[in-house]
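Note sheet for the following structure.
The values are calculated or read from the model by the stated rules, or taken from the named source; none is laboratory data. Computed from a prediction, not measured in an experiment: that's the story for all the values here. Reconstructed Cβ throughout: ideal geometry from the backbone, glycine too, with neighbour counts over all protein chains shown. These area figures cover heavy atoms from the full protein model, side chains too; ligands, DNA and RNA do not enter into them. Shrake-Rupley method; radii C 1.70, N 1.55, O 1.52, S 1.80 Å.
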Amino acid sequence: MIKYIRQFICTFIVCAVSFNAFSAQISQQQIEQFKNLPKAQQQILAQSMGVDLDTVLGQISGNNQPTALTSTPVMPRPKADNSMQDEDESLTFEGDAELFQPLERFGLDIFSNAPSTFTPTTDIAIPERYVLGVGDQLSIQIYGKENAEYVLPISREGNVLIPNVGPVKVVGLGFAEMKNFLTERIQQRIIGVNVVVSLAELRSMRIFILGEAYKPGPYTLSSLSSVTHAIFAAGGVSDIGSLRNIEVKRAGKVVQTVDLYDLLIHGDSSSDILLQSGDVVFIPTQSKSISILGEVRRPAIYELKAGEDFNSVIEMSGGLLPSAYPQSTLIERYNEQSLRSIVNVDLTDKKARKQQLKNGDYIRVLKSSGMYEQSITVIGAVTRPGKYQWRQGLKITDLLPNLNSHILPYADLSYGLIVRQKDSARNIEILQFNLAEALNSEQSDTSNNLILSPNDKILIFSNVAKHIDENVSLDKLAFTQQQIFAKERQQAKESHKEKSFWQKYGDGSSAGSTNVDEDSQAQNLANQSLVQITNAGLDEEIDIRDMALFSRYRLLAPVLRKLRQQGASGQPIQLIEVDGQVKFPGIYPLAKNAKVSDLVMAAGGVKESAYLVRAEVTRNKLTVDGATKASLDVDLASALKGDKQFNIALKSKDRLNVHKIPSWSENHVVELRGEFVFPGKYTIRRGETLTDLITKAGGLTQYAHPDASVFTRQKLKELEQQNLVKLASDLRIEMASKSLTEKGTSASYDDAQKLLADITKLEPVGRLVINLPHLIAASNEKILLEGGDVLYVPTMKNSINVIGQVQVGSSHLYDGTMSAEDYIAQSGGIKKRADAERIYVISASGRIKMVEESNWFAGKADTQLKPGDTIVVPLDSEYMNDLTLWSTATQIIYNAAVAVAAINGI
């Protein structure tokens, strides 16, 4: 017993874990689609996931009862084989949408839009083979010697009673035969007249629709109704009903067998006969069926007849698509042991297409690989990227013959790459070229105008550096670029309807206007297509995001990843690195026969600050004892000129370091504002001090207020911003902890969160508090200047400001005999919630001075005020009103009295 219980528990755990894995891979919407699948497809899908179907259905529905679903016994589509999936993609189903949308039976959808009535219209022609019966009404018109018109019914005896003629039996006659017969009889009795005979009204008839109809039973239809009308009246065929073996029985004998595929596929309605009263339309169950999916025009579940082969199925499915790969068509088939087996069939072989199919076969016509044969791919900053035909002797300039019509304006013309497959293992090698020299060289010169090989990829880069996600393949990159260009062209067409690009940017009315907001201008330009921006010319401002689309980091990422994968023992990784004073430092692919000058061109060339006299190449050197680093000095100027002595060939993992010119410095600008003799922006030299710059600006004017000077620095502004973020983070943690320990603080916590959000939005000042008069007078104290520093010296102010918890915050004329208390008194005194013990003064220079408590209560403050100072009366955060204060005090006194009484009792 214990053994069985243990097995049951293990089985339950495995099912639970398996179901969790199953449910983790599909969304709630896909679960609903799974519930709507036929049971056979649910069973196979559950088996492919390693779970029990009843367990899955029980978990989905919330109970352990299995769900009863009707199904068609056709093999469902199995789980897709992801074994050959791209390594960068996660293992998923081969299209969730296709997996959870099962194949439909062909032909059943025709009954989904059945007409509400099948009564024939009165203005249609009556078929010549229509057989008259009881209930039909004839219209007889007589003209000539006598004129008369009659509408006469056919009696139960099958006769038509014609005035002056008598009864005439017409039941069982065809419509054409009846017209000739009545015309002769009337003309025999009435001489000299002409007769026109037609049907005025049609009779109704009662038939039976039985078998696998959607709603079998007796139906009353028009006498012009055919077999298809009867099937429509019954709501169509059920899920297991046959569409190809519908029988029409009359008096117990089969008079017609209808194959609806002839009507649906070939448009042949010859078997769709008119019914007669008492006929039985019998729909049997379908005997055999197959499923076909993949690269066919009409994938569906098809019903089979005896003797049908692959030719018949392909014809029923509309034929193969051009993208099909018929040489390896997969057939899933149940073998004699009731196990699924795989059979490969070459549908291009006529003999193989004549093979007989079996019931339940699942045919999957695979898609071709999508690979191009002998093509050239152009990727990057070109006007028309994509695939091009390869031919013998094709060169780069044959694909990119003109700079203006084929190359985008921000393309880097000095550096281009060709990615070439060098063997059957799809290993690649890199060829480097200079596009500008290729366009200007002779046709016979192949040093840069390289001859292309099949499946080469040409990369043209832009003059911008920007990092992106490296997990993208080169093929996907090319496809993405084509998609982007298509989308941009569509956007260009739509935007052209509203306003012309030239109206916005061509005449410079918006792009060149200084009154246009820069953010909105950049946004408008970003919405334009790359083609439009290219047409605008080099003088137009180009969005950096468009340029970064074809940056080195973006286009080289899949190339570098592929080269790293190729590295192995005895096969060094074909990567090199450049750092220092180049425009785009980083790691680059080692091109074939690459030299130092090629690596510099790959990095966009040297900067202005590059030291060309000496550069360093670091190289791995393998010895018997191991690997060591070797350093080579290179005359970079000679190497760039092509000197073979210094323009050395590069090897795997070489690193080029381009030094900076000693003591090189960029132009650093410092701004002087306010009361200077010559205010403005000044370029400073290295080591220059604030005092030196003030002297250079002619000193201060006589109206200057140096004590109130404001000195700001960019680095301090960044530091203040970091401190604000850190402060907000610390306060957020503290308030969150307080809200967990105290009750009724949820509202205050929300308010605090809003306050903290406002704190992080504050604009930092980056002020450095200085004593400018002291700096000017003292020679030993210096402040070294940095780029972006700003010194503002305001005009002399003769006022004292009072702010905070005073009755009226105001400014007062400076009086050297007045104290802080006097100025506060002139502002109406402090408020009730003011913190009188923490009043402080902000001096004009930015220093903070506290008003001493003893002097405050004594009525005098020895804190000397100066013009421009600000007196701040802060808020008492621990303020309590009188009632709360006395309540707290009373509670303390009571507790103390109880404690004393307890001690005395001891």
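Among the GluC sites (Glu not before Pro) within the stretch 611-685, those in coil by DSSP and having at most 16 neighbouring Cβ atoms inside 10 Å are Glu666.
Extension gain for the segment Ala778 to Ser609, taken as residue separation times 0.36 nm less the Cα-Cα distance, is 57.2 nm to one decimal. Once C-alpha pairs closer than 8 Å and six or more residues apart are averaged by separation and normalised to the residue number of the stretch 182-302, the relative contact order reads 25 percent. Which net charge results when you count Lys and Arg as +1 and Asp and Glu as -1 among the other residues whose beta-carbon is under 9 Å from that of Asp633? Computed value for this residue: -1. Computed from the C-beta positions of Val624 and Lys660, the FRET efficiency with R₀ = 30 Å rounds to 0.20.
Segment Thr760..Lys305, full-extension length gain: 156.2 nm, with 0.36 nm per residue of separation and the alpha-carbon distance subtracted. Taking every C-alpha pair closer than 8 Å and separated by at least 6 residues, the mean separation divided by the residue count of the stretch 646-691 gives a relative contact order of 26 percent.
Once you divide the Cα radius of gyration of the stretch 198-337 by 2.2 N^0.38 Å, the number left is 1.27.
Computed on protein heavy atoms with a 1.4 Å probe, the accessible areas place Leu413, Leu560 in the order Leu413, Leu560, largest first. Could you pull out the pairs from Lys782/Lys866; Lys797/Lys866; Lys621/Lys660; Lys681/Lys797 whose alpha carbons sit more than 19 Å apart here? Cα-Cα > 19 Å for Lys782/Lys866; Lys621/Lys660; Lys681/Lys797; rest within. Sorting 715-725, 202-212, 234-244 by average packing, meaning the other beta carbons within 10 Å per residue, from highest down gives 234-244, 202-212, 715-725. Ranked by the mean number of other Cβ atoms within 10 Å of their residues, highest first, the peptides 810-816, 195-201, 296-302 fall in the order 296-302, 195-201, 810-816. On the beta carbon distance between Thr795 and Glu616, with R0 = 51 Å, the FRET formula returns roughly 0.35. Averaging 1/r across all pairs of distinct Cα atoms in the stretch 386-457 and inverting the result yields a Kirkwood radius of 13.0 Å.
Fully extending the segment from Lys350 to Thr683 would add 111.3 nm, taking 0.36 nm per residue of separation and subtracting the current Cα-Cα distance. Label separation (Ser447 vs Glu201): 10.2 nm, computed from points 7 Å beyond Cα along the C-beta direction. If R0 is taken as 25 Å, the Cβ-Cβ distance between Glu336 and Arg298 corresponds to a FRET efficiency of 0.20. Cα centroids of the stretch 591-631 and the stretch 269-309: how far apart, whole angstrom? Rounded to whole Å, the Cα centres lie 75 Å apart. About its Cα centre, the stretch 131-259 has a charge dipole of approximately 280 debye under the convention of +1 per Lys or Arg Cβ and -1 per Asp or Glu Cβ, with nothing else charged. The mean sequence separation of alpha-carbon pairs under 8 Å and at least six residues apart, normalised by the residue count of the stretch 583-670, gives a relative contact order of 34 percent.
Exposure check, 1.4 Å probe, all protein chains in place: Met735 carries approximately 60 Å² of accessible surface. Sparsely packed loop sites in the stretch 313-370 (the GluC sites (Glu not before Pro) outside DSSP H, G, I, E and B with at most 13 other Cβ atoms within 10 Å) comprise Glu336.
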